[in-house]
């Protein structure tokens with residue numbers, strides 16, 4: 001085991017992948033050696049065979065049979081690793097995930113790379129967890145992670161930082177689901193779409209333990225909905241803070257507009273803040289790509305409080321509805337509730353009156369009015385970015401302080417509720 005190894009053959013056929021595989025078989029550490037099924041998968045790919053090579057039976061083997069490659073593995077090996085989906089997925093699972101196959105990073109078992117999962121949110125499409133990237137994870141193997149994200153992870157880990165991400169776990173039922181269809185739609189739509197104010201999907205993994213997809217995204221602090229609800233507990237949103245949120249959203253919408261993309265579900269639930277105080281537009285399951293010459297669609301989407309009136313009336317210009325929805329969100333931030341939520345305020349073509357209009361500047365009122373213009377005269381995001389209200393924003397540190405204030409208020413509310421429970425228990 002400690003002797004020399006023969007040199008690479010020079011006068012015979014021996015591609016890089018075969019030589020890399022051979023040197024891995026000689027590894028002194030048993031954990032660095034490939035398993036029989038990994039060797040079989042690699043040879044099958046090299047040979048170009050579309051069928052398994054008999055007599056190897058791999059149906060009983062699991063992902064645990066695939067050890068991580070040693071650091072000496074070259075890029076030529078990484079290009080064909082790991083095993084093909086026919087080896088990874090069996091039966092109904094292979095059929096259900098087939099439409100998503102091109103997006104799934106099959107190079108790793110996500111449970112070995114993302115650890116200490118702690119649930120932070122639960123939604124219709126799946127639970128969201130905060131996860132830590134393992135210190136032992138070989139980040140070079142993350143073949144479909146964007147290079148910029150991967151480089152950032154490597155740098156942060158090299159600096160001794162704990163790298164945390166968000167993982168959405170989407171169950172895979174045997175019959176498929178609407179959520180899987182929406183995920184595929186979102187992945188297709190966001191392919192090549194990168195912007196500081198858009199929350200993208202970094203990577204997609206298969207969890208074979210629980211038959212689920214793991215969707216990796218940037219870890220966000222909270223949604224604007226989570227901020228608004230604290231207004232009932234004393235949180236105050238100044239106009240400059242609302243302007244900061246509005247400008248970030250408009251930057252995202254302007255970028256989408258240039259690519260003929262309409263989000264169609266802009267609302268406080270889908271506007272998220274990260275720890276640096278940057279707001280990002282999320283959830284593109286209702287989004288649509290149109291052409292500039294043919295932007296008319298007919299399917300009604302969104303929630304009525306934030307929904308442009310033309311969406312309820314029939315075919316509409318998809319590229320015009322997001323500005324209305326942004327206006328509804330700005331109204332919500334000012335009033336701590338969405339427009340038309342009161343029983344005496346049915347959805348209309350203009351916003352309900354603000355409870356305390358004197359709190360806000362003329363430019364704020366003008367911005368709201370422009371957002372509620374008919375679709376034919378409603379301004380574009382690039383035009384609204386020139387508005388005085390939008391350009392009188394607070395700084396990022398102010399938003400970071402606001403996030404800290406939200407946590408402090410939530411802690412006080414939690415303590416108060418505990419005291420109320422204790423008081424009730426003493427009375428009984």
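Name every residue in the range 312-340 that is closer than 21 Å to residue 231 by Cα and in contact with a strand residue (DSSP E or B) (Cβ under 8 Å, 6 or more places away or on another chain), in order of residue number. Of everything in the range 312-340, just one residue is closer than 21 Å to residue 231 by Cα and in contact with a strand residue (DSSP E or B) (Cβ under 8 Å, 6 or more places away or on another chain), namely 329.
With the structure loaded, tell me whether residue 167 is surrounded by 19 or more Cβ atoms within 10 Å (Cβ to Cβ) and either part of a helix (DSSP H, G or I) or touching a strand residue (DSSP E or B) at 6+ places or on another chain (Cβ under 7 Å) (or both) or whether it fails that test.
Details: surrounded by 19 or more Cβ atoms within 10 Å (Cβ to Cβ): yes; either part of a helix (DSSP H, G or I) or touching a strand residue (DSSP E or B) at 6+ places or on another chain (Cβ under 7 Å) (or both): yes.
Yes: the conditions hold for residue 167.
Residues being assigned to a helix (DSSP H, G or I), closer than 29 Å to residue 222 by Cβ and touching a helix residue (DSSP H, G or I) at 6+ places or on another chain (Cβ under 6 Å) are represented in the range 284-307 by at least one member. Could you tell me whether the range 310-320 includes any residue that is assigned to a loop (DSSP other than H, G, I, E, B) and in contact (Cβ under 8 Å) with a residue 24 or more places away in the chain? Looking through the range 310-320, none of the residues is assigned to a loop (DSSP other than H, G, I, E, B) and in contact (Cβ under 8 Å) with a residue 24 or more places away in the chain. Scanning the range 96-123 for residues that are in a loop (DSSP other than H, G, I, E, B) and touching a helix residue (DSSP H, G or I) at 6+ places or on another chain (Cβ under 7 Å), we see that the one that is surrounded by the most Cβ atoms within 10 Å (Cβ to Cβ) is 108. Determine if the range 255-270 includes at least one residue that is at pLDDT 95 or above, in the same structural domain as residue 375 (by the TED database) and assigned to a strand (DSSP E or B). Yes; the residues of the range 255-270 include at least one that is at pLDDT 95 or above, in the same structural domain as residue 375 (by the TED database) and assigned to a strand (DSSP E or B). Residue-level check: of (1) farther than 27 Å from residue 262 by Cα; (2) modelled with pLDDT of 95 or more, residue 209 misses just (2). Looking at the range 237-250, is at least one residue outside the structural domain of residue 169 (by the TED database), within 27 Å of residue 294 (Cβ to Cβ), modelled with pLDDT of 95 or more and part of a helix (DSSP H, G or I)? Yes: one or more hits. Take the conditions (1) surrounded by 12 or more Cβ atoms within 10 Å (Cβ to Cβ); (2) closer than 23 Å to residue 231 by Cα; (3) free of Cβ contacts under 8 Å to residues at least 60 places away in the same chain; residue 343 misses just one of them, which is (1). If I filter the range 371-381 for residues that are loosely packed, with under 14 Cβ neighbours inside 10 Å and assigned to a helix (DSSP H, G or I), do I get at least one hit? The answer is no; no qualifying residue exists. Looking at the range 152-179, which of its residues are touching a helix residue (DSSP H, G or I) at 6+ places or on another chain (Cβ under 7 Å) and closer than 22 Å to residue 129 by Cβ? Matches in the range 152-179: 153, 163, 170, 172.
The values are calculated or read from the model by the stated rules, or taken from the named source; none is laboratory data. These numbers come from a predicted model, not from an experiment. Note that we place each Cβ from the backbone using ideal geometry, even for glycine, and neighbour counts take in every protein chain shown.
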